[in-house]
1. Just to be sure before I move on: is G32 touching a residue at least 24 places away in the same chain (Cβ under 8 Å) and at positive phi in the structure I sent?
2. Take the residues in the stretch 73-89 that are of a type in the set (S, T, Y) and exposed (fewer than 14 other Cβ atoms within 10 Å of the Cβ); name whichever of them is modelled with the highest pLDDT.
3. Where in the stretch 1-72 are the strands (runs of 3 or more DSSP E), entirely inside, with at least 3 residues that are within 12 Å of the chain's Cα centre (by Cα) and exposed (fewer than 13 other Cβ atoms within 10 Å of the Cβ)?
Amino acid sequence: MALQLLLRNDVTEFDGWKDAFDADYEARMHAGLSVLQIWRAEDAPGTVWILLDVNDAGKARAYLRGEHLRLLYERAGVTDSEHHLLETA
C-alpha cells in the first residue's frame, strides 16, 4: 500500500512560492518526500495543490510538524494550508 501526501497552499504570489518550494528540495528529500505533481486552481491562481510520494511516514510527519516548514511557509508567502496523508485504496 502506497502513501502519498496532498498539500494545499494558499499563497500571496505564485512565483515567489515556487522559488521557495524549489529551494526546499533537499529538506523534502531528507524527509522521504518526492514531488509527483503540482497544480494551480484555475479559478484561484493563488491556491496550489502539491502531491508528494511518501517513502517514510515518520519522517514525513516530522517534516509537517517541524519549525522548518513554518519558516518555509513564511518565506514562501503561504497564508493558509492543509495537508492529508493518503493511502492508496
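1. On the way: touching a residue at least 24 places away in the same chain (Cβ under 8 Å): yes; at positive phi: yes.
Here the answer is yes, as G32 does meet what is asked.
2. Narrowing the stretch 73-89 to residues of a type in the set (S, T, Y): 73, 79, 81, 88.
If we keep only those that are exposed (fewer than 14 other Cβ atoms within 10 Å of the Cβ) too, we end up with 79, 88.
On the way: T79: 97, T88: 89.
My answer is T79.
3. Working: elements: 3-11, 33-41, 44-54.
In the stretch 1-72, 33-41 are the strands (runs of 3 or more DSSP E) which contain 3 or more residues that are within 12 Å of the chain's Cα centre (by Cα) and exposed (fewer than 13 other Cβ atoms within 10 Å of the Cβ).
The values are calculated or read from the model by the stated rules, or taken from the named source; none is laboratory data. Predicted model, so just to flag it, every value in this text is computed and none were measured. Cβ sites come from the backbone with ideal geometry, for glycine too, and all protein chains shown count toward neighbours.
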